[in-house]
Every structure is written in C-alpha cells, then in structure tokens.
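Chemist: Here you go, one structure.
None of the figures in this text is laboratory data; all of them are computed from the coordinates on show. No experiment lies behind these values; they were computed from the predicted model shown. So basically every Cβ, Gly included, is an ideal-geometry build from the backbone, and we count neighbours across all protein chains shown.
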Amino acid sequence: MLFRSDGGATVFIAFRPNGGTGAQRLLDTTQQGGNGWEIYYSPDSGKISFSQRFSGGSATWETPASAPFTVGSNYVLALTYNADSAANVPSIWRSDFYNNGQALTLTQSGSNSGTRNAESGNFWIGSRNYNDSGEAFNGLFSEILIYNNVLSSANRQAVNDYLYYTYLVPEPSTLFLFFSGGFVAWFAWRRRRS
C-alpha cells in the first residue's frame, strides 16, 4: 500500500505530455474502477487529478485550470498524501522551466468519507491495466521517485531541486551553443549582405 495509514507517501514524476484525449494514467492501482488510487492527466484541460477510493465513496482532487500542464512541455509533479484519516487531503506541487516547486490549490469532487480502500491489484505506470483500455499516458517519463512517507518541506524541496535541475533547466553549455549559433548565423547573414 503506497498511500497507507501509517505515514503516507510522496511521489515525484518528471514527465512530458505529448497530447491525446481522455484521462491518461500516470500511476494507477485501481484495476479499472476498483479500490485504490490513481494519478491521471487530462490533456484537454491540462489538469492533473488524484483519486482515492473510500468506503463512503470516491474523492478526486484536481489542479486548477490557471496552472495547466500543457502538451509538449516538461514538468516535475510532486504529490504528498497521508491516508490515516479520510479528512486528509493531498498536496501537489508543480515545477516547469519558470517555476520550481509551485504549490497548487486543489479542487475536490466526490466524497472522502469512511475508511480508505486499499489497492485492489497491481501498481501500473503509464496505464491502468495490462490491456491499456485506451487510457495510457501519451508522453514521456524521465524519472519517477516514490517515498513511503510524507517528506518534510525541506526534503521535498531538495528532491524537487534535483529533478528540476536535472530535467528542466538546460546546462550552461547548451545555452552557450544556442546563443553562439545565433551569433554565427547573424554574422554569416551580415557577411553575405556585404
């Protein structure tokens, strides 16, 4: 059990969505609507959602439309959740090229009452089950890190910094080559005009 009742978990996903439609599974334990939890991406809205099944219903928390995860961009998603009480809610942070660890305000739908339902099957990455059922993630995963507790703010930021500087910020040599290439192109264009 990942989001268990004795300390919760922290999940980091470095990914790049490539498009498509529907609810594309990033991580899933629900076995097509059974017990458990799921993290999915909706390319139509650019939102990330986290759903957890409870004995009194199913609750879903989603990221705001004002901070979309757009197709073709690289992101780091950090999610923490402690399932020791149905009253607990997850926290999600988003990092892209311009923001490192932006906390997102989540909107909840459904009921998180009763006790949390344990996972009913396998742990799937990028899909919901072995036959895909049309909900596979259309994109790339760079790295997925899972911790079996809710990390402190300092530890979460340290891991987020590692992923941010590894996958989202170009190396200085890359920037140098980019800008020097522009200079060479400008210089060649100027010489040709003379």
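Chemist: Determine the relative contact order of the stretch 61-102: mean sequence separation of Cα pairs under 8 Å and six or more apart, normalised by residue count, in whole percent. Mind showing how you got there, number by number?
Modeler: On the way: 41 pairs, mean separation 13.9, N = 42.
In percent, rounded to a whole number, it is 33.
Chemist: While we're here: Using a ≥ b ≥ c from the Cα gyration tensor of the stretch 7-139 (square roots of the eigenvalues), is it rounded, prolate or oblate, where a/c under 1.5 gives rounded and otherwise the larger of a/b and b/c decides, a/b for prolate?
Modeler: Working: a/c = 1.84, a/b = 1.24, b/c = 1.48.
Oblate.
Chemist: Now for a different question. Rounded, prolate or oblate: which fits the stretch 78-161, taking a ≥ b ≥ c as square roots of the Cα gyration tensor eigenvalues, rounded meaning a/c under 1.5, else prolate when a/b beats b/c? If you can, show how the numbers build up before the last one.
Modeler: Numbers: a/c = 1.69, a/b = 1.09, b/c = 1.55.
Oblate, since a/c reaches 1.5 and b/c is not below a/b.
Chemist: For the peptides 154-165, 74-85, 98-109, what is the packing order when you average, over each peptide's residues, the other Cβ atoms within 10 Å and list the highest mean first? Intermediate results must be reported in sequence, preceding the final value.
Modeler: Values: 154-165: 15.5, 74-85: 20.6, 98-109: 13.6.
By packing density, highest mean first, the sequence is 74-85, 154-165, 98-109.
Chemist: Separation between the residue 142 and residue 113 pseudo-spin-labels, each 7 Å from Cα along Cα→Cβ, expressed in nm?
Modeler: Placing both labels 7 Å beyond Cα along the Cβ direction yields 4.3 nm.
Chemist: From Cα pairs below 8 angstrom and at least 6 apart in sequence, can you work out the relative contact order of the stretch 61-164, rounded to a whole percent?
Modeler: Details: 100 pairs, mean separation 28.0, N = 104.
Normalised by residue count, the contact order of the stretch 61-164 is 27 percent.
Chemist: Sticking with this one: Length gain on complete extension for the stretch residue 166 to residue 44, per 0.36 nm per residue less the alpha carbon to alpha carbon distance?
Modeler: Working: separation 122, 0.36 × 122 = 43.92 nm, distance 2.77 nm.
Roughly 41.1 nm would be gained on extension.
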